[in-house]
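Peer 1: Take this structure first; my questions come after.
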Amino acid sequence: MDKGDIQRAALFRFAEQGYHATTLRHLAHDLGVTPAAFYYHFKSKDELLTSLIEEIITGDLEVLHMVRRENVTNPLDELLYVNVYNFCVAREEALIVTREARFLEKEFRKRVTRVFRDYDGVFAASIAEEYDLSREALTLATRAVVGLGSSVLHWFHQGGPLSEHEVALTFAGYARGILDRAEQNATTPESSPLRRNGSRNGSAPMSFEDTVTLINERVAIRRRIGVAT
């Protein structure tokens, strides 16, 4: 048994039943060894999860860098496609990266935050080459289009009515729409939908402040309902 064997066993266990519900005994059973054998490679379960996330993101980064290196004319469309396609075909890896990283202790969260930042950085660099976006606008636009990939986890399944290719291609087009709008808002702030008058159905517009107040009130009510008496 080597480090890779443990990571593969952890990949499927963590994705299927979650990080907290998985014990070293579960992984030992899957590999046919004793729990003590894990400590030769990993000092803790946190270190195991961190190494797995780093392995996944590092592999994804290699693909992204290859795309930017080999597609010299228009790498952004391919990057947007790859981001979503990855979430469709590598569901277990995606679940671990998006769902389990938050459970890590601070020391290990810092490690995975670095690789997440590197991943977003590839997209930010490509977006900045094509769009007039910088600083906060670039950061928000990057997070918006990268986040499209994780959204498919909630509904996509292989063998469904749409293929991985169809979803990735369509979402890449949606991402372009987001970036076009982000650039428009950055250059002409008055075009922001929050500044428009009226609404699609012709009803009186609700101000942004009123919307925030309404949301806060409903959250407060919902949380009070959940308090045991």
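The values are calculated or read from the model by the stated rules, or taken from the named source; none is laboratory data. Because the structure is predicted, anything quoted here is derived from the model rather than measured. Because the Cβ atoms are built from the backbone with ideal geometry, glycine has one as well, and the counts that use them run over all protein chains shown.
Peer 1: Is it the case, given these coordinates, that residue 123 is assigned to a helix (DSSP H, G or I), modelled with pLDDT of 95 or more and surrounded by 20 or more Cβ atoms within 10 Å (Cβ to Cβ)?
Peer 2: Here the answer is yes, as residue 123 does meet what is asked.
Peer 1: While we're on this one: Out of the stretch 2-40, which residues are at positive phi and surrounded by 14 or more Cβ atoms within 10 Å (Cβ to Cβ)?
Peer 2: The answer is 18, and nothing else.
Peer 1: May I ask you to verify whether residue 82 is in a loop (DSSP other than H, G, I, E, B) and within 29 Å of residue 165 (Cβ to Cβ)?
Peer 2: no
Peer 1: Moving on. Cβ-Cβ below 9 Å, separation at least six or inter-chain, first residue in the stretch 74-86 and under 11 Å from residue 149 (Cα atoms) and not assigned by TED's automatic domain parsing to the domain that holds residue 157, second buried (at least 22 other Cβ atoms within 10 Å of the Cβ) and at pLDDT below 95: which pairs?
Peer 2: none
Peer 1: Out of everything in the stretch 6-54 that is among the acidic types (Asp, Glu) and touching a helix residue (DSSP H, G or I) at 6+ places or on another chain (Cβ under 6 Å), what residue ends up being modelled with the lowest pLDDT?
Peer 2: 30
Peer 1: Okay, next question. In the stretch 129-150, how many residues are polar (S, T, N, Q) and exposed (fewer than 13 other Cβ atoms within 10 Å of the Cβ)?
Peer 2: Final tally of qualifying residues: 1.
Peer 1: Give the residues of the stretch 151-162 that are among the aliphatic types (A, V, I, L, M) and either in contact with a strand residue (DSSP E or B) (Cβ under 8 Å, 6 or more places away or on another chain) or surrounded by fewer than 17 Cβ atoms within 10 Å (Cβ to Cβ) (or both), sorted by residue number.
Peer 2: Answer for the stretch 151-162, where residues must be among the aliphatic types (A, V, I, L, M) and either in contact with a strand residue (DSSP E or B) (Cβ under 8 Å, 6 or more places away or on another chain) or surrounded by fewer than 17 Cβ atoms within 10 Å (Cβ to Cβ) (or both): 153, 162.
Peer 1: Mind checking which pairs have a first residue in the stretch 103-129 that is in the same structural domain as residue 61 (by TED's automatic domain parsing) and a second that is surrounded by fewer than 20 Cβ atoms within 10 Å (Cβ to Cβ) and of a type in the set (Phe, Trp, Tyr), Cβ under 8 Å, 6 or more apart or different chains?
Peer 2: Listed pairs, sorted by first residue: none to list.
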